[in-house]
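Enquirer: Provided herewith is a single structure, encoded as structure tokens, for subsequent inquiry.
The values are calculated or read from the model by the stated rules, or taken from the named source; none is laboratory data. These numbers come from a predicted model, not from an experiment. Neighbour counts run over all protein chains shown; Cβ positions are idealised from the backbone, glycine included. Calculation scope for accessible area: heavy atoms of the full protein, side chains included, ligands and nucleic acids excluded. Shrake-Rupley method; radii C 1.70, N 1.55, O 1.52, S 1.80 Å.
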Amino acid sequence: MSVNVERELADRLLAERVILVGGRLDDGLAEHVAAQLLLLDAGGNQPVTIHLSATDSELDAALSVAAAIDLIGAPVHVVARGTVRGPAVAVLAAAARRQAHKHTMFVLSVPPFTANGTADELAALAAQHDRELTRLRDLVTQATGRTPDEVAEDLTTGRVLSAEEAQIYGLITDLL
């Protein structure tokens, strides 16, 4: 697809209050999504829909998008499709309405943690990572009504859910 066609498509979707989040959710994509959310929120309180398919995601990027969802006044609906893996479930959990296509797969997991630095720097980074994992767990706990211990275990073991199982789990509210 040419750059002009991609830009036109993105502009038309934004005019319809739709944001696409696909592929790897990293800091760059999170910043772009947060900017779109803020822009749409400034344009009114009508719902915003995020179409989410993230096969890989960074923990802080996913939490950044979740925080942006929490920050704006407009309700955010997330439609999951394809695979939603790892910390990207935070984006889903932060939404007011959570839907999924019937063939969507969810992988509850935590990303690997690696860091370099001095002992003090590593201790600070590990503490920050633990706080972020707690925030992820809390978002999923709030959305699903599951206990923090159950969610923590599911994230640690890499629990895989079909769309139907995700609905029973409480991660999504509606199947499409």
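Enquirer: Measure nothing fancy, just the Cα-based angle from helix 148-157's long axis to the longest principal axis of the chain, in degrees from 0 to 90, nearest 10.
Expert: With rounding to tens, the tilt is 90 degrees.
Enquirer: What is the stretch 1-157's relative contact order, in percent, from Cα pairs under 8 angstrom and six or more apart in sequence?
Expert: Contact order relative to length: 18 percent.
Enquirer: Let me ask you something else. In Å, what is the Rg of the alpha-carbon atoms in the stretch 28-83, and how long is Dmax?
Expert: 11.1, 31
Enquirer: Expressed as a whole percentage, what fraction of the accessible surface of the stretch 20-176 belongs to carbon and sulfur atoms when a 1.4 Å probe is rolled over the protein heavy atoms?
Expert: Working: 3910 of 7510 Å².
Of all accessible area on the stretch 20-176, carbon and sulfur atoms account for 52 percent.
Enquirer: Share of antiparallel DSSP beta bridges in the chain, in percent to the nearest 5? Walk me through the numbers on the way to the answer.
Expert: Values: 3 of 26 bridges.
Counting DSSP beta bridges with both partners in the chain, the antiparallel share is about 10 percent.
Enquirer: Considering only protein heavy atoms, with the full assembly of protein chains and a 1.4 angstrom probe, order Thr144, Thr134 by accessible area, largest first.
Expert: Thr134, Thr144
Enquirer: Once phi is turned into θ = phi - 60°, what whole-Hz ³J(HN,Hα) does the Karplus curve with 6.51, -1.76 and 1.60 give for every residue of the stretch 105-114, x standing for Gly and Pro?
Expert: 10, 10, 10, 7, 7, 10, x, x, 10, 9
Enquirer: Charges at C-beta only: +1 for Lys and Arg, -1 for Asp and Glu. How large is the resulting dipole of the chain about its Cα centre, in Debye rounded to 20?
Expert: Details: 14 positive and 24 negative charges, 122 e Å.
Here the chain has a charge dipole of around 580 debye.
Enquirer: Would you tally the net charge around Gln99, using a Cβ to Cβ cut-off of less than 12 Å, leaving Gln99 out, and scoring K and R as +1, D and E as -1?
Expert: +3
Enquirer: Sequence-distant or interchain residues sharing an amide H contact under 5 Å with Arg159, placed H: which?
Expert: Leu108
Enquirer: Just want the answer: with Cβ charges of +1 for Lys and Arg and -1 for Asp and Glu, which residue in Thr147, Thr83, Leu59 is farthest toward the dipole's positive end in the stretch 16-162?
Expert: So the residue furthest toward the plus end is Thr83.
Enquirer: Only Lys, Arg, Asp and Glu count, each charged at its Cβ (+1, +1, -1, -1), so figure out the dipole size of the stretch 18-78 about its Cα centre, rounded to 20 debye.
Expert: Computed about the Cα centre, the dipole is about 260 debye.
Enquirer: Now for a separate question. Specify the angular offset, from 0 to 90 degrees and rounded to the nearest 10, of the alpha carbon long axis of helix 27-42 from the longest principal axis of the alpha carbons in the chain.
Expert: Orientation of helix 27-42: about 50 degrees from the principal axis.
Enquirer: Once the Cβ-Cβ distance between Ala126 and Asp27 is put in as r, and R0 is 30 Å, what FRET efficiency do you end up with, to the nearest 0.05? The partial results should precede the final answer.
Expert: Values: r = 20 Å, r/R0 = 0.66.
My answer for the efficiency is 0.95.
Enquirer: Moving to a separate point now. Helix 3-15: angle to the longest alpha-carbon principal axis of the chain, degrees 0 to 90, nearest 10?
Expert: Orientation of helix 3-15: about 90 degrees from the principal axis.
Enquirer: What net charge do the residues around Val160 carry, taking every other residue with its C-beta under 12 Å from that of Val160, with Lys and Arg at +1 and Asp and Glu at -1? Write out the running numbers ahead of the final one.
Expert: On the way: positive: Arg85, Arg159; negative: Asp154, Glu165.
Taking every other residue near Val160 into account, the sum is 0.
Enquirer: Roughly how many Å² is the accessible area per residue of the stretch 31-139, as a whole number, for a 1.4 Å probe? All intermediate terms of the calculation are to be shown ahead of the outcome.
Expert: Working: 5030 Å² over 109 residues.
The answer is 46 Å² per residue.
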